[in-house]
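A short worksheet on the structure shown next.
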Amino acid sequence: MWFSGEGSGQSDPVWPGSGGAASNPNQPVWPNSQSGGNDGWGNPSPAPAPEHPPASAPQRSMLVPYTETLRSGVYDRMLIVINGTIESNANIFTVDLCKGQDIALHFSPRFAEKQMVVTNSCIGGKWGQEERELQRFPFVRGQAFKLEILCTSSEYKVTVNGSHLLSYKHRITDLRSITSLGIYKDVKLTSVETK
């Protein structure tokens with residue numbers, strides 16, 4: 001404890017803002033009592049807050065129809081992660097990976113007819129043979145989902161909510177030429193990421 005007065009044998013402490021340290025160098029100094037770029041305990045002072053916070057990166061619109069350019073194309077071990085919610089009155093939604101007008105992967109869950117997931121490709125204006133997943137339908141109207149599409153050197157592997165749903169062999173094998181992603185119809189998007 002600090003005492004003041006003649007009989008204490010101690011000097012008065014220097015309180016913040018008092019400026020007394022310059023007149024008596026033997027006096028103890030309280031934190032923040034000196035301007036010197038630190039907090040008085042040897043720690044650097046925090047930088048003053050900017051008058052205006054820096055602008056954040058622009059956020060991409062999640063409105064459907066959603067399109068995104070894949071600047072590097074598709075490649076081995078590329079992962080596309082789509083989070084969203086199925087519309088409560090959904091009939092269909094679609095995810096397409098495209099090379100110009102050609103559709104390399106058409107992924108289409110269908111609710112109105114017998115529930116199924118249809119995958120296909122459209123090359124030169126002609127649709128190929130449909131592949132239908134009928135065993136398991138992981139999408140529920142009005143509920144959120146996480147759809148992951150992993151591209152490998154030979155196929156796309158699709159998982160929904162962490163469980164494998166299907167694999168689809170490449171029909172367009174020049175993967176780097178597949179440069180656009182489109183999401184359409186009865187879905188609300190929360191986020192779309194490519195990794």
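Nothing in this text is a laboratory measurement; each read-out follows from the coordinates by a stated rule. If you're wondering where the values come from, they're calculated on a predicted model, not measured in any experiment. Positions of Cβ are backbone-derived with ideal geometry, glycine not excepted, and every protein chain shown enters the neighbour counts.
General observations
- Residues whose amide H falls under 5 Å from that of THR190, counting only those 5 or more places apart or on a different chain, are ASN83, GLY84, THR85, with hydrogens built in the peptide plane.
- Cα-based shape type of region 100-195, given that a ≥ b ≥ c are square roots of the gyration tensor eigenvalues and the cut on a/c is 1.5: prolate
- Alpha-carbon centroids, region 125-157 and region 94-118: separation in whole Å: 7 Å
- Shown in residue order for region 117-128 are the 3J(HN,Hα) couplings computed by the Karplus curve 6.51 cos²θ - 1.76 cosθ + 1.60 at θ = phi - 60°: 10, 9, 10, 6, 9, 10, 10, x, x, 10, 6, x Hz (x for Gly and Pro).
- Stretching the chain fully between ASN89 and VAL140 yields a gain of 17.3 nm (0.36 nm per residue, less the alpha carbon separation).
- Remark: spin-label model distance VAL81-HIS164 equals 2.0 nm, labels positioned 7 Å along the Cα→Cβ axis.
- In this rough spin-label picture, where each label sits 7 Å from Cα along the Cβ direction, the SER61-MET116 distance is 3.5 nm.
- Extended-chain gain in nm, criterion 0.36 nm per residue less alpha-carbon gap, SER177 and GLU155: 6.4 nm
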